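The values are calculated or read from the model by the stated rules, or taken from the named source; none is laboratory data. If you're wondering where the values come from, they're calculated on a predicted model, not measured in any experiment. FYI the Cβ positions are ideal-geometry reconstructions off the backbone, even for glycines, and counts take in every protein chain you see. Quick note on the areas: whole protein, heavy atoms, side chains included, nothing else; ligands and nucleic acids left out. Shrake-Rupley method; radii C 1.70, N 1.55, O 1.52, S 1.80 Å.
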Amino acid sequence: MKRIAVFTSGGDAPGMNAHVRAVERVADKRGLEVIGIIGGYSGMIAGHFEVLDRIRTANILDRGGTILKTSRSPEFMEVEGRSKAADQLRKHGIDGIVACGGDGTFHGAHALWEEHRIPIVGTPGTIDNDLWGTDVTIGYDTAINTAAEAIDKIRDTADSHGRLFFIEVMGRHAGFIAMDVGIACGAEFIALPETLTDVEVLYQRIVAQGLDKRTIVIVGEGDELGGALELSRQIEGRYGLSSKVTILGHIQRGGSPTVSDRVLAARLGAAAVDALMEGATDVMIGLHKGDVVQVPLERTWEQRKKVPGYLVDLSTLLI
Ligand code: F6P
């Protein structure tokens, strides 16, 4: 193995730059050349490749976003798109790839390996923390801290006015962000995609808190009833209670990564390079109980990572 590539894909996550830097540094130490693919799978198809070196990856460790850019590529979902990408990879003499992203990225990486036998390892980079096989994903810690900081601020004003707030956090299919920030910020109710949300129970919780008191309801965007707007509408429609709605949105994806995310990004980046050199492919490099592990890519989406039941129980005890 002489030359490897690294790219970031799907929703960006804080820590992706620290990860790219780690891949470049460690690969260099191992005598490998590193190519950055610009723009995720779209850039792979288009042949947007760039040599990465120490200078290019300097001073990016603390930056949010991804210097390699990212995309969600419909073209790569097609066999033809993947063939074009494989041609580009062969043309550029790529012997192995580190793909940092979420489950869409991993589906693509798996297909590329199956169809073209180009060695590829995935690293978990998503704020959603929803990949089975890793305790935590790159970007998650920063995202929950960003969200918690914003929610604390909203609580100040909610408390001053005695208002009911519905605050929506990201997590398309998973409620990890909602659960953690709900507990961390003392929410009165947490609506998750993983649990059924009962509007009557929610209303009773609001009443129990006191209608003249501040009430914070955290809503994971993937909740089966809809987001924060929908829940607020239902509470108003059924019980005549008005509320304020804040959708935190993409603020959760930006910002300088926390120390925890930087270290995780570095560990997984280093392990990904070594895994490729040892012949690993079609696996995710994740973290399990503090140790770096390899998990077949398919298992990361075949199994569903669940918000721990003990946190669900704890959140109700803390109200
Ligand atoms: O996958 C990360 C994530 O931020 C989800 O939480 C969210 O649903 C989605 O990406 C939003 O994606 P986009 O920025 O492409 O709209």
Starting from the Cα of Ser256, move 7 Å in the Cα-to-Cβ direction to define the label point; list residues of region 29-68 whose amide nitrogen is under 12 Å from there. 60-64
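Based on the mean of other Cβ atoms within 10 Å per residue, sort peptides 181-193, 304-316 so the most packed one is first.
Working: 181-193: 22.6, 304-316: 14.2.
Most protected by this proxy first, the peptides run 181-193, 304-316.
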Estimated distance in nm for a label pair at Glu230 and Lys29, the labels positioned 7 Å out from Cα along Cα-to-Cβ: 4.8
Please list log₁₀ I(q)/I(0) at q = 0.10, 0.16 Å⁻¹ for the chain, using the Debye equation with identical point scatterers on the alpha-carbon positions. -0.58, -1.16
Modelling each spin label as a point 7 Å along the Cα-to-Cβ direction, I'd like the Arg205/Glu114 distance in nm, to one decimal. 3.9
The percentage of the accessible area of the chain (probe 1.4 Å, all protein chains present) made up of carbon and sulfur atoms, to the nearest whole number, is 50
Extended-chain gain in nm, criterion 0.36 nm per residue less alpha-carbon gap, Arg72 and Leu314: 83.5 nm
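Let me check something: with ligands and nucleic acids excluded, how do Met284, Met170, Met277 order by accessible area (1.4 Å probe), largest to smallest?
Details: Met284 0, Met170 20, Met277 85 Å².
Most to least solvent-accessible, the answer reads Met277, Met170, Met284.
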Provide the packing ranking of 30-38, 98-106, 51-59, i.e. peptides ordered by the mean count of other C-beta atoms within 10 Å per residue, highest first. 98-106, 30-38, 51-59
Counting heavy atoms of the protein chains only and a 1.4 Å probe, report the per residue accessible area for region 140-253 as a whole number of Å². 43
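Need the full-extension length gain, Arg172 to Glu278, defined as separation in residues times 0.36 nm minus the C-alpha distance. One decimal, nm.
On the way: separation 106, 0.36 × 106 = 38.16 nm, distance 3.48 nm.
Full-extension gain reported as 34.7 nm.
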Only Cα pairs within less than 10 Å get springs; with that Gaussian network setup on the chain, which residue of Ala46, Ala86, Ala148 has the largest fluctuation? Ala46
Work out the P(r) tail for region 140-253: percent of alpha carbon pairs separated by more than 25 Å, whole number. 12
Find the relative contact order for region 216-319 and round it to a whole percent, using C-alpha pairs within less than 8 Å whose residues are 6+ positions apart. 11
Heavy atoms of Arg63: accessible area, 1.4 Å probe, square angstrom to 10: 120
